[in-house]
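Comments concern the structure below.
The values are calculated or read from the model by the stated rules, or taken from the named source; none is laboratory data. Because the structure is a prediction, the values reported are computed rather than measured. Don't worry about glycine lacking a Cβ; one is built from the backbone with ideal geometry, like all the others, and counts go over all protein chains shown.
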Amino acid sequence: MTDAQERLATYRAKRDFAVTAEPSGVAGPAPAGSSRFVVQRHRARRLHYDLRLEMAGVLVSWAVPRGPTLDPKARQLAVHVEDHPVEYFDFEGVIPKGEYGGGDVIVWDWGTWSHAKPGDPLKAIEKGDLHFDLQGQKLAGRFVLVRRDRDSSGKEQWLLLHKNDDSAVPGWDPEDHPRSVKTGLTNDQVAAAPEALWRSDLPAAEASIAIGGTTRPAWEPPSEEELAALDGLGGKGGLWHLQGRELKLTNLDKVLFPAGAGGRPGRPAQVDGRPVTKREVIRYYACVAPWMLPYLYDRPLNLNRFPNGVDKPGFWHKEVPSHAPDWLQQWHNVEADPGETTCYAVVDSVPALAWMANYGGLELHAWTSRIPEVHQPTWALIDIDPGTTTSFDDILVLARLYRTALEHLGVVGMPKVTGKRGVQIWVPIEPRYSFADTRGWVEKVSRAVGHTVPELVSWEWHKTRREGLARLDYTQNAINKTLVAPFSPRPAAGAPVSVPIRWDELDDPDLRPDRWTIRTVLDRLAGAGDPLAPLIGRHQALPKL
């Protein structure tokens, strides 16, 4: 038995893993050198916050009744509890009543930690004096845990305090920041509709069980051998074998995006001066597919095609061409009027996405409804459409107002930079609303936001009548009207990409709507993930307004 397994003996002894959704710790320790921390807001018999530091292959844990704080004057009780398995790091859900710790749990904060003094942090814990630095989304700076004594049950009682450093904030209260950093949900929302449970009696790869939502397939990225084969094709193209499919690729060295222009004044873009070729676009779509396909695989697709590059005129294309491979999934619109598109592509695989890139479908727009129930949207869309005089700072003001409005209404959504000039907000909904319902609801919220800053907003339909102001567009909530899909490139120099972001990133001084490109967004995904992904398929009621 490993040291980590021995440390988890007390944790396992208290739980029946055939009943509780908590992980059992059977998967083994995290990779060497890992230094993550997590704080989970846990409503069990009493509300408390669980502070967990990853070390020695486990999560060393303290229960903090009043929560960790940035207030340097606060001295918070912290009860040293049993170590937890590293799989518990991102657990968010409900522990059944009757089980140890029964209640609801959210991921209140997470990030990295480091020992602030020389030596082994485990020995510092044994001595009862641990100094450590946190870098999270809510917590930051120098913290200290000091052991005091034991309570009547024998558990060690510690004090948790924050040093008076640059990260200290007098009066800072964790209860003023109640939402999960993982999903944006509150404990009430998780308790009312948990999306997943962890089955500890199953292998780790199969243990996440969807509840009350739609179980999605998963996709693997192309192998190194497949990417090497793509890189080895000549400039004219050739046959590429990708995940069991044969793709005929053409004109791989054709330039589709000129080199980036360098960003905006004061906010330079990450530009390497090289144009983007068709080969690179195909490679990008194949590599980003595991992140992008959840937004595409069960929806009709509208394409904005630029077969000769984005510096030449593009055009919208919806009908599946006759030369499309027979393995490309298609949806036939039996309600189409004469002259309308009858056969749409449904991109549901890595080869299908790569085929679209070769076809010149550089910008992808998926419907907000799924097949076959195309009259029932699963997203309510908010589009902050900038005018000619709208600055990005103006866009951020409007986006923050939407954030406040949604928080007030108890509605979960997530922002997305467009890759051009704007910001959109995607709100997951129960698949029982009509497009008229979502359009009306978004209009009411948008009118309230617009009335708060009327100097920034015009309600005119035509851009020429808006006097350069932004429009809060709710009309995209209609069948066959779309917004650009997450991670789709946009037709602009440098190949910028539309990217979901966290709400707190609206306050990042380095944020730009075109901050990420097809050359940089995969690194972001590897480090930060996709904050919108947990909301896919979430059944959420829209409150009456």
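If you check Ile518 against the conditions, is it β-branched (Val, Ile, Thr) and over 27 Å from Trp108 (Cα atoms)? Taking the combined requirement at face value, the residue satisfies it. The residues of segment 126-162 that are more than 19 Å from Asp109 (Cα to Cα) and either within 28 Å of the chain's Cα centre (by Cα) or basic (Lys, Arg) (or both), listed by number, are Lys127, Arg147, Arg148, Arg150, Lys155.
Do you know which residues across segment 310-326 are within 21 Å of Trp367 (Cβ to Cβ), of a type in the set (A, V, I, L, M, F, W, C) and either touching a residue at least 12 places away in the same chain (Cβ under 8 Å) or in a loop (DSSP other than H, G, I, E, B) (or both)? Before you say what the answer is, go through the steps one by one.
Quick first cut of segment 310-326, residues within 21 Å of Trp367 (Cβ to Cβ) only: 314-321, 324.
Filter again for of a type in the set (A, V, I, L, M, F, W, C), leaving 315-316, 320, 324.
Within segment 310-326, Trp316, Val320, Ala324 meet the criteria.
Checked against (1) in a helix (DSSP H, G or I); (2) modelled with pLDDT under 95, Gly339 passes all but condition (1).
As a summary of the residue check, Tyr344 satisfies the conditions (1) in contact with a Leu (Cβ under 9 Å, 6 or more places away or on another chain); (2) among the hydroxyl-bearing types (Ser, Thr, Tyr); (3) assigned to a loop (DSSP other than H, G, I, E, B); (4) not assigned by TED's automatic domain parsing to the domain that holds Pro531 except for the one numbered (3). Going by the structure shown, is Val105 within 29 Å of the chain's Cα centre (by Cα), among the β-branched types (Val, Ile, Thr) and closer than 21 Å to Val79 by Cβ? When the stated conditions are applied, Val105 passes them.
Answer yes if at least one residue in segment 471-491 is hydroxyl-bearing (Ser, Thr, Tyr) and assigned to a strand (DSSP E or B), and no otherwise. Full working, then the answer.
Narrowing segment 471-491 to residues hydroxyl-bearing (Ser, Thr, Tyr): 474-475, 482, 488.
Checking which are assigned to a strand (DSSP E or B) leaves us with none.
No - not one qualifying residue is present in segment 471-491.
Looking across segment 378-407 at every residue that is under 21 Å from the mean Cα position of the chain (by Cα) and of a type in the set (Val, Ile, Thr), the one that is surrounded by the most Cβ atoms within 10 Å (Cβ to Cβ) is identified as Ile384.
When the residues of segment 458-478 are filtered to those that are in contact (Cβ under 8 Å) with a residue 24 or more places away in the chain and surrounded by fewer than 17 Cβ atoms within 10 Å (Cβ to Cβ), the one that is farthest from Thr183 (Cα to Cα) is Glu467. Counting only strands (runs of 3 or more DSSP E) that sit completely within segment 80-152, those holding 1 or more residues that are basic (Lys, Arg) correspond to 140-150. Of all residues in segment 434-457, exactly one satisfies the criterion of being crowded, with 20+ Cβ neighbours inside 10 Å and not in a helix (DSSP H, G or I), namely Val457.
Taking first residues from segment 146-157 that are without any contact (Cβ under 8 Å) to a residue 40 or more places away in the chain and partners that are outside any strand (DSSP E or B) and surrounded by 13 or more Cβ atoms within 10 Å (Cβ to Cβ), the Cβ contacts under 7 Å between residues at least 6 apart in sequence or on separate chains come to Val146/Gly128. Just one of (1) in contact with a Leu (Cβ under 9 Å, 6 or more places away or on another chain); (2) modelled with pLDDT of 95 or more fails for Tyr49. It is (1). Across segment 96-107, not a single residue is classified as touching a Phe, Trp or Tyr at 6+ places or on another chain (Cβ under 8 Å), surrounded by fewer than 17 Cβ atoms within 10 Å (Cβ to Cβ) and over 25 Å from Pro170 (Cβ atoms). Leu542 - would you say it is part of a loop (DSSP other than H, G, I, E, B), on the phi < 0 side of the Ramachandran plot and not aromatic (Phe, Trp, Tyr)? So Leu542 fits the description; yes.
In segment 492-521, what residues are within 12 Å of Arg421 (Cα to Cα) and crowded, with 22+ Cβ neighbours inside 10 Å?
Quick first cut of segment 492-521, residues within 12 Å of Arg421 (Cα to Cα) only: 492, 496-498, 511-515.
Pro496, Val497, Ser498, Pro513, Asp514, Arg515 - these are the residues of segment 492-521 that are within 12 Å of Arg421 (Cα to Cα) and crowded, with 22+ Cβ neighbours inside 10 Å.
Test Lys138 against the stated conditions and say whether it is at pLDDT 90 or above, outside the structural domain of Leu293 (by TED's automatic domain parsing), under 27 Å from Leu409 (Cβ atoms) and surrounded by 13 or more Cβ atoms within 10 Å (Cβ to Cβ). Even if it seems obvious, please write down each step before you answer.
On the way: at pLDDT 90 or above: yes; outside the structural domain of Leu293 (by TED's automatic domain parsing): yes; under 27 Å from Leu409 (Cβ atoms): yes; surrounded by 13 or more Cβ atoms within 10 Å (Cβ to Cβ): yes.
Spelling it out, Lys138 is indeed at pLDDT 90 or above, outside the structural domain of Leu293 (by TED's automatic domain parsing), under 27 Å from Leu409 (Cβ atoms) and surrounded by 13 or more Cβ atoms within 10 Å (Cβ to Cβ).
Checking each residue of segment 60-71 against the condition of being touching a Gly at 6+ places or on another chain (Cβ under 9 Å), aliphatic (A, V, I, L, M) and either assigned to a strand (DSSP E or B) or not assigned by TED's automatic domain parsing to the domain that holds Val38 (or both) gives no match. Residues in segment 347-357 that are aliphatic (A, V, I, L, M) and either closer than 20 Å to Pro217 by Cβ or in a strand (DSSP E or B) (or both): Val347, Val350, Ala352, Leu353, Ala354, Met356.
So that you can scan it fast, the table gives a plain yes or no per residue for (1) touching a strand residue (DSSP E or B) at 6+ places or on another chain (Cβ under 7 Å); (2) surrounded by fewer than 18 Cβ atoms within 10 Å (Cβ to Cβ); (3) more than 23 Å from Glu407 (Cα to Cα):
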| residue | (1), (2), (3) |
| --- | --- |
| Gln76 | yes, no, yes |
| Trp110 | yes, no, no |
| Gly119 | no, yes, yes |
| Leu122 | yes, yes, yes |
| Phe143 | yes, no, yes |
| Asp151 | yes, yes, yes |
| Leu159 | yes, yes, yes |
| Ser167 | yes, no, yes |
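Does Leu130 satisfy the criteria of being surrounded by 17 or more Cβ atoms within 10 Å (Cβ to Cβ), of a type outside the set (Val, Ile, Thr) and touching a strand residue (DSSP E or B) at 6+ places or on another chain (Cβ under 7 Å)?
Working: surrounded by 17 or more Cβ atoms within 10 Å (Cβ to Cβ): yes; of a type outside the set (Val, Ile, Thr): yes; touching a strand residue (DSSP E or B) at 6+ places or on another chain (Cβ under 7 Å): yes.
Yes: the conditions hold for Leu130.
Among the residues making up segment 391-421, those that are acidic (Asp, Glu) and out of contact with any strand residue (DSSP E or B) (no Cβ under 7 Å at 6 or more places or on another chain) are Asp393, Glu407.
Taking Asn333 as the residue in question, decide whether it is over 18 Å from Gly237 (Cβ atoms) and polar (S, T, N, Q). Spell out the reasoning first.
Numbers: over 18 Å from Gly237 (Cβ atoms): yes; polar (S, T, N, Q): yes.
Yes, satisfied.
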